[in-house]
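A quick write-up on the structure given underneath.
Values in this text are rule-based calculations from the coordinates and carry no lab data. These numbers come from a predicted model, not from an experiment. Counting neighbours? That spans all protein chains shown, and the Cβs are built from the backbone with ideal geometry, glycine included.
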Amino acid sequence: MIMCRQVLLPLRGALTAALLLASGLAAQAATSSGTLPVTATVLSKNVCKFVTPNVNVPFGTIDPRLATNATVTVTTTFKCTGSAPTAAFLMTVNDGLWSTGANARRMRHATTTTEFMPYSLAVSPTTGTVAKNVNQVLTITGTVLPVDYQDRFSGTYSDTVVLTLTP
């Protein structure tokens, strides 16, 4: 008999706890609701590749006495091949080797490696559809603002950024 009581008491306590928990969850679930958007983008079955995979963005010599943006624009090309007549593509650009966060690109000084110079990059187009087997032009514009170069150490600065073309 003592064995029965020992078994029944824990079961009765567990059953009571389960009922309380279930009633609390039901009340809690009824007090709040929300939505969860679910999206997807399907890329084409084509393959896109850079025709000229490595391109330089040379700002050249920047005069710290100036008060204008140091801007450079370069182009590169890519082509999509495959079974579909058009290809949907996506171009992404990372933040470089010396970034301090999202879109906080900066070049590092060649010899004083604790010195950096911020810059921005704009790439166009970043997405779209293109005809198969036709060279497409990608434009890359780099900008260094006067506030970012006027009080910098003199010398050479550089960074490496990766462009990724999908698919």
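Points worth noting:
- Amide H partners (placed H, <5 Å) of Gly128, local residues excluded: Phe89
- If R0 is 45 Å, the Cβ-Cβ spacing of Ala67 and Thr164 corresponds to a FRET efficiency of close to 0.80.
- Other-chain or far-sequence residues with amide H under 5 Å of Gly96's (modelled H): Val162
- Annotation note: chymotrypsin sites (Phe, Trp or Tyr not before Pro) in segment 119-167 located in DSSP loop regions with a Cβ neighbour count of at most 15 within 10 Å are Phe153.
- Of the trypsin sites (Lys or Arg not before Pro) in segment 63-167, the ones in a loop by DSSP (not H, G, I, E or B) with at most 14 other beta carbons within 10 Å are Arg65.
- For Asp151, Asp95, order by how many other beta-carbon atoms lie within 10 Å, fewest first: Asp151, Asp95
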